[in-house]
Amino acid sequence: MVESSNKKSYDRVFAKLKDHNKWFENLIPLIASENVPSPAVREAIISDFGNRYAEGWPGERVYAGCVYIDDVEFECMKLAQKLFKAEFADVRPISGVVANLVIYSAFSDPGDVMLAPSIPAGGHISHGKKKHSGTAGLVHGLEIEFYPFDAEEMSIDVDKTKKKVEELNKAGLLPKIAMFGGSLFLFPHPVKELSNFLKNFDIHINYDAAHVAGLIAGGQFQDPLREGADTMTMSTHKTLFGPQGGLVLGFENHAEMIKKATFPGLTSSHHIHHMAAKAITFAEALEFGKDYAKQVIKNAKALGEYLNGFGFKVLGEKRGFTKSHQIAVNVLDYSDGGKVEADLEKANIIVNRQLIPGDIKAGRNYFHPGGIRLGVSELTRLGYVQSDMQDVAQFIKQVIIDKKDPKKIKSKVKSFRKDFQKVHYCFDKKLGAYEYVKLR
Ligand SMILES: *Cc1c(COP(=O)(O)O)cnc(C)c1O
């Protein structure tokens with residue numbers, strides 16, 4: 001029988017999936033928003049939980065069949081509360097964007113004002129204005145006002161923010177929500193310095209920990225819920241090395257509003273297999289998260305220092321380049337972020353282009369911004385330490401400054417990756433980090 005074109009498509013998809021895994025065994029993954037989960041997380045994701053519905057709160061579901069799901073979800077909430085020392089956890093939001101929407105829906109109405117970082121100052125598109133198709137503006141109708149930002153300190157300017165809030169108040173535009181956290185996120189945000197001031201105006205403070213959740217869990221960044229944040233949202237797959245997903249944390253007094261916003265407001269299925277995988281992740285983070293977060297920050301700082309030593313303009317120099325998992329580099333001396341991203345990919349080094357402070361004023365856009373962003377969360381999971389960051393910096397220099405043939409660097413990258421194929425900081429290490437699992 002001739003093979004049908006359907007079967008050919010089917011086979012082609014599996015071939016691409018395999019090629020992708022193989023490629024990742026041989027490349028340097030530096031996307032700051034990504035990580036590699038443990039084999040245990042991957043096992044939870046392929047379980048039958050992924051085929052079920054469990055709408056509602058555990059113990060009060062809309063459907064039967066949730067006996068074991070409920071047990072896991074109670075465990076998951078307990079672990080999340082322990083990991084982040086939170087009174088309340090809603091583990092159902094299916095992504096960081098949905099977690100933020102839960103907060104917008106629970107604590108503001110369309111037309112209200114939210115204070116948030118602009119994108120070149122590190123903000124995420126889910127905090128953005130309607131005219132940029134940002135989630136907050138487009139989906140919930142919020143008006144966005146940006147924090148004044150200090151590009152040298154690479155953080156929110158405290159005094160100017162206070163002035164801005166007072167002015168907004170006088171103009172009848174007092175923010176309902178103050179959003180901290182971001183995507184280009186080198187140094188802790190001044191939550192402690194601003195929370196009392198903001199609370200005097202009755203402003204709800206949310207901290208978006210999408211990027212830094214794993215560092216907070218490991219006690220190595222800042223502790224927003226102790227610094228005055230009312231709620232904390234996050235993705236569960238960036239520095240927190242879990243399945244793709246979201247999480248909302250807070251205090252008991254806000255629990256009912258958050259629960260209702262999550263369901264029925266913003267979820268129907270909450271992707272139960274990912275919920276189980278979150279529970280596994282929280283357990284692993286409780287056990288290994290402190291050592292992991294410490295090593296991540298050491299590696300990021302080392303990478304910043306080596307790149308700076310090679311002549312790259314690494315942002316945040318005044319403060320030692322970074323206190324998180326990422327560094328940002330101004331690459332305008334060589335070309336632009338888009339070109340650098342493409343050149344590095346040819347050498348099997350995966351980074352992302354990045355808008356940096358000053359880009360918008362200079363007329364640069366997202367396709368050709370002034371910077372690149374590098375994150376070391378995934379390399380750290382694979383077992384690399386500070387001294388290895390010298391090799392990483394060297395490869396980047398050879399492609400971008402020395403303009404060497406990316407193919408030559410690619411083969412060096414392959415040997416650099418050869419002996420680092422397992423996930424560290426987890427209970428069970430049997431399966432390789434990118435080992436392809438065939439079930440057919
Ligand atoms: C990545 C990110 C998000 C979105 O998270 P998803 O899980 O991709 O929906 C939200 N906020 C910030 C600051 C982020 O960096």
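The values are calculated or read from the model by the stated rules, or taken from the named source; none is laboratory data. What you are looking at is a predicted structure, and each value in this text was computed from that prediction instead of being measured. Here the Cβ is made from the backbone with ideal geometry for all residues, glycine too, and neighbour counts use every protein chain on show. Note: areas computed on protein heavy atoms with side chains; ligands, DNA, RNA excluded. Shrake-Rupley method; radii C 1.70, N 1.55, O 1.52, S 1.80 Å.
Of everything in region 76-96 that is assigned to a loop (DSSP other than H, G, I, E, B) and among the hydrophobic types (A, V, I, L, M, F, W, C), the residue that is farthest from the ligand (Cβ to nearest atom) is Ala86.
Taking region 97-119 as the range and being among the small types (Gly, Ala, Ser), open to solvent by 10 Å² or more (accessible area, probe 1.4 Å) and within 15 Å of the ligand (Cβ to nearest atom) as the test, only Ser118 passes. Just so you know, in region 3-37 the residues that are assigned to a helix (DSSP H, G or I) and among the acidic types (Asp, Glu) include one that is nearest to Tyr292 (Cα to Cα), and it is Glu25. Within region 120-133, the set of residues being open to solvent by 60 Å² or more (accessible area, probe 1.4 Å) and within 14 Å of the ligand (Cβ to nearest atom) comprises just one member, Ile125. Look at region 14-39: where a residue is more than 22 Å from Ala342 (Cα to Cα) and a partner is open to solvent by less than 30 Å² (accessible area, probe 1.4 Å) and outside any loop (DSSP other than H, G, I, E, B), sitting 6+ places away or on another chain with Cβ atoms under 8 Å, you get Val36/Pro29; Val36/Glu378; Val36/Arg381; Pro37/Ala277; Pro37/Thr281; Ser38/Thr281; Ser38/Glu284.
For Ala362, the criteria (1) open to solvent by 30 Å² or more (accessible area, probe 1.4 Å); (2) among the small types (Gly, Ala, Ser); (3) outside any loop (DSSP other than H, G, I, E, B); (4) closer than 23 Å to Gly182 by Cβ hold in every case but one, which is (3). Against the list (1) touching a residue at least 40 places away in the same chain (Cβ under 8 Å); (2) under 17 Å from Lys313 (Cβ atoms), the condition Asn352 fails is (2).
Looking at Tyr292, Tyr306, just one residue is over 30 Å from Asn51 (Cβ atoms) and open to solvent by less than 10 Å² (accessible area, probe 1.4 Å), and that residue is Tyr292.
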